[in-house]
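Okay, so here's the structure we're looking at.
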Amino acid sequence: GGPGGTQWIYLSATVGNTGTLAGVLDATPIEFEERPVPIERHVTFADGQEKPRIENKLVRREFDATSSKGYRGQTIVFTNSRRRCHEISRKLDYSSAPYHAGLDYGKRKQVERQFAEQDLAAVVTTAALAAGVDFPASQVIFDSLAMGIEWLSVQEFEQMLGRAGRPDYHDRGRVFILVEPDGVYHGSMERTEDEVAFTLLKGDMEDVIAHYDADAAIAETLANVTVGGTAAKRLNDRMLGDIPTKEALSKLIEYGFISGLEPTPLGRAVTTHFLQPDAAFLILDHVRKGTDPYDIVADLELLDEEA
């Protein structure tokens, strides 16, 4: 920006179409290939039964080593289900903990603290949650290359393996990919784990393109009406990807989320809490019936599961 304006820096380790994005964002692209802590990548073939034994050996070896900065090596094990997190954690000799969205807030915070204090040799986690948590690990092990019943994308894989090795803590990062030949996690998976492994290791980043379905368009438009009022259309047009503003506005009026180009109290509550329309209507319906809050939360969880 100009004098007194705001400067924007957009950072990403996992974008394919840097030039396109820079054009849309009116930014200057700068690509930097160096990594302050080098990473070793290892591929090991093993079936699902063998994997915990190998993980145990790798976790022990890493925790027994100390970096030149005085830190023990610690491991993040990524797997594809909450049940598998507990199963692997139980089979590790050294202190470890499962870590996933099914644990309550206090328990998750406790695990984060123990890991930071080097009381844990490993955390065993699902891909979805650990992406946003700062675990200073020197080693990452992929027990599975799936997230739930979907194979990881190159972006997800790179974000996860990039957690191995931290400046000021470690001299190098290590990544072990445990691959089950012909392995799949669900009947609908067309490729096998060994095929997926080499696609991921090749590391061709996918282009970042935003696709807005009807609910996402409604949510974005409501947010832009709330902050910008009559400028909502202009804000929508500046988003990455196309948002059908007219259709979204007519739905927002129909749902009672806006009046004119102002959010209603209901609309403001929906956008403040980042609710999707179906979740908002479910809560509203229950509140009118006087349902117990715990039952409302349980229904919302079921809604998420179905999605």
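Of the residues that make up region 131-141, is at least one surrounded by fewer than 22 Cβ atoms within 10 Å (Cβ to Cβ) and in contact with a Leu (Cβ under 9 Å, 6 or more places away or on another chain)? No, because not a single residue in region 131-141 is surrounded by fewer than 22 Cβ atoms within 10 Å (Cβ to Cβ) and in contact with a Leu (Cβ under 9 Å, 6 or more places away or on another chain). Looking only at region 15-36, count every residue that is modelled with pLDDT under 75 and either among the acidic types (Asp, Glu) or on the phi > 0 side of the Ramachandran plot (or both) and tell me the total. Selection size over region 15-36: 2. Restricting region 177-188 to residues that are touching a strand residue (DSSP E or B) at 6+ places or on another chain (Cβ under 8 Å) and surrounded by 16 or more Cβ atoms within 10 Å (Cβ to Cβ), the residue that is nearest to ILE39 (Cα to Cα) is ILE177. Scanning region 131-169 for residues that are within 12 Å of the chain's Cα centre (by Cα) and polar (S, T, N, Q) yields a count of 3. Among the residues of region 199-214, those identified as at pLDDT below 85 and either more than 22 Å from ALA27 (Cα to Cα) or not charged (D, E, K, R) (or both) are LYS202, GLY203, ASP204, MET205, VAL208, ILE209, ALA210, HIS211, TYR212, ASP213, ALA214.
Rundown of residues vs (1) basic (Lys, Arg); (2) assigned by TED's automatic domain parsing to the domain that holds ARG288; (3) at pLDDT 85 or above; (4) under 30 Å from the mean Cα position of the chain (by Cα), yes/no style:
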site: LEU222; (1), (2), (3), (4): no, yes, yes, yes
site: THR230; (1), (2), (3), (4): no, yes, yes, no
site: ASP237; (1), (2), (3), (4): no, yes, no, yes
site: LEU240; (1), (2), (3), (4): no, yes, no, yes
site: LYS246; (1), (2), (3), (4): yes, yes, yes, no
site: ILE253; (1), (2), (3), (4): no, yes, yes, no
site: GLY260; (1), (2), (3), (4): no, yes, yes, no
site: GLY267; (1), (2), (3), (4): no, yes, yes, yes
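For region 251-307, a residue qualifies if it is in contact with a strand residue (DSSP E or B) (Cβ under 7 Å, 6 or more places away or on another chain) and assigned to a helix (DSSP H, G or I), and the qualifying residues are LEU252, GLY267, THR271.
Taken over region 211-254, the criterion of being among the β-branched types (Val, Ile, Thr) and closer than 19 Å to HIS273 by Cβ is satisfied by ILE218, THR221, VAL225, THR226, VAL227.
The set of residues in region 113-165 being in contact with a helix residue (DSSP H, G or I) (Cβ under 7 Å, 6 or more places away or on another chain), of a type outside the set (Phe, Trp, Tyr) and more than 21 Å from ASN56 (Cα to Cα) consists of ALA131, VAL133, MET147, LEU152, VAL154, GLU156.
The values are calculated or read from the model by the stated rules, or taken from the named source; none is laboratory data. Here the structure is a predicted model, which means the values were calculated and not measured. Heads up, the Cβs are rebuilt from the backbone with ideal geometry, glycines too, and the neighbour counts pull from every protein chain shown.
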